[in-house]
1. Take the stretch 6-43 and flag every residue that is closer than 19 Å to Ser62 by Cα, surrounded by fewer than 14 Cβ atoms within 10 Å (Cβ to Cβ) and not small (Gly, Ala, Ser).
2. Please enumerate the residues belonging to the stretch 210-244 that are in contact with a helix residue (DSSP H, G or I) (Cβ under 6 Å, 6 or more places away or on another chain) and modelled with pLDDT under 95.
3. Give the residues of the stretch 112-134 that are outside any loop (DSSP other than H, G, I, E, B) and closer than 27 Å to Gln17 by Cβ, sorted by residue number.
4. Grab the strands (runs of 3 or more DSSP E) fully contained in the stretch 50-96, keeping just those with 1 or more residues being surrounded by 22 or more Cβ atoms within 10 Å (Cβ to Cβ), modelled with pLDDT of 95 or more and touching a Leu at 6+ places or on another chain (Cβ under 8 Å).
5. Within the stretch 4-12, can one find any residue that is part of a helix (DSSP H, G or I), over 23 Å from the mean Cα position of the chain (by Cα) and in the same structural domain as Leu112 (by TED's automatic domain parsing)?
6. So, Arg141, is that one touching a strand residue (DSSP E or B) at 6+ places or on another chain (Cβ under 9 Å) and surrounded by fewer than 18 Cβ atoms within 10 Å (Cβ to Cβ) or not?
Amino acid sequence: MSAQSSLREVVIFAPHQLAEITTALKSALFDAGPPLLVLEEASWPTDPLQVSREVALVVATSGSTGSVKYVLHSASTLLASANATHAYLDAQPGERWALRLPLTHIAGLMVLVRSLLLNSPLSENGEYQAVVPTQLFRALRGDETLAPLKNAKAVLVGGGPSDVKLIEEARAAGIKAITTYGMSETAGGCVYNGRPLTGVKILLDSAQQIFLSGPQVALGYLHDSTGFQDGGFLTQDIGQWREDGLLEILGRADDIVISGGQKILLGAIEERIRSMPGVIDVHLFTRKSAEWGDEVVCAVAGGKSITLSSIRDHVAERFPRSSAPRALILLAELPLRGIGKPDRDTLKTLPLTEEI
């Protein structure tokens with residue numbers, strides 16, 4: 001068989017084509033049907049995409065900077081992920097999932113995979129719900145999803161860092177929230193409430209960078225499989241094991257910056273700022289400075305009482321004051337892209353509220 005004949009063309013759908021996507025995904029999972037990809041029509045590639053015959057699903061993933069990669073999943077990796085989730089939840093055939101996440105992202109697509117595996121229709125009032133932190137926050141402020149979330153047997157919360165205060169508030173309101181950690185390369189969440197799902201292994205290298213392995217890890221990328229090795233995936237996240245044995249995400253390896261000679265892990269500083277009263281969300285980035293090299297800027301969604309001085313004092317209670325932001329952008333809400341990641345490009349164009 002020639003190399004060309006071993007490839008198949010990817011069928012592309014727009015996210016509004018739910019019925020067509022569901023049919024194609026079912027065929028790809030259970031009948032070796034053609035691979036599919038869901039993209040906004042403006043993002044469709046001009047040339048056909050071809051992948052190996054074992055590929056069932058292609059997922060376009062982009063970080064907060066917008067660089068697109070195509071992740072390749074087989075039916076086996078997708079079903080392994082769904083089965084591990086259902087084992088954790090003790091989900092039964094006929095129980096339903098609610099689709100509240102976009103089908104252009106792995107989280108939304110995995111809701112469809114799980115629904116197909118349980119042989120049940122999607123339902124707004126499904127026993128199982130999956131949301132991003134922003135959706136959970138809005139539900140707790142009284143939007144129409146609050147009742148379905150409170151009535152659900154479990155609510156998966158992922159797609160970005162979950163504020164401890166937000167999860168505590170949700171649980172106090174009667175929502176059975178489960179924090180999830182994962183990515184397109186691991187078919188969505190593979191660590192629930194800080195513990196790996198069955199079959200998932202976590203290793204931290206000498207730099208505390210997280211390496212994930214397990215049957216749900218993708219086959220690789222379409223054009224470059226950097227990060228995929230030894231049956232697993234080396235993430236760009238930094239983590240540590242807490243005293244209670246749970247995995248704690250500290251930030252991203254590419255979010256370690258040197259400012260004025262001080263090494264700063266932006267994720268840890270963000271988490272500290274999130275603990276402040278009145279802070280809804282926060283994202284740190286850097287700008288060039290003649291004095292500091294990289295100077296940390298803090299974008300905060302929250303109330304008008306939040307000031308740069310209060311943020312710096314709060315950070316200095318736990319970290320060196322030199323780790324604290326030196327500029328503030330105060331917003332009603334952070335600009336987001338995709339499933340809920342901060343839009344860094346937009347943030348960097350916004351005017352500063354305060355600076356030193």
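The values are calculated or read from the model by the stated rules, or taken from the named source; none is laboratory data. Computed from a predicted structure; not experimentally measured. Because the Cβ atoms are built from the backbone with ideal geometry, glycine has one as well, and the counts that use them run over all protein chains shown.
1. Matches in the stretch 6-43: Glu40, Glu41.
2. Residues satisfying the conditions are Gln236, Ile238.
3. Leu112, Val113, Arg114, Ser115, Leu116, Leu117, Tyr128, Gln129, Ala130, Val131, Thr134
4. 55-62, 68-74
5. Within the stretch 4-12 (the criterion being part of a helix (DSSP H, G or I), over 23 Å from the mean Cα position of the chain (by Cα) and in the same structural domain as Leu112 (by TED's automatic domain parsing)), the answer is no, since none of the residues qualifies.
6. Taking the combined requirement at face value, the residue does not satisfy it.
Listed here are the residues, each with its yes/no results for (1) assigned to a helix (DSSP H, G or I); (2) in contact (Cβ under 8 Å) with a residue 40 or more places away in the chain.
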| residue | (1), (2) |
| --- | --- |
| Leu136 | yes, yes |
| Asp143 | no, no |
| Gly160 | no, yes |
| Ile167 | yes, no |
| Ala170 | yes, no |
| Ile175 | no, no |
| Tyr181 | no, yes |
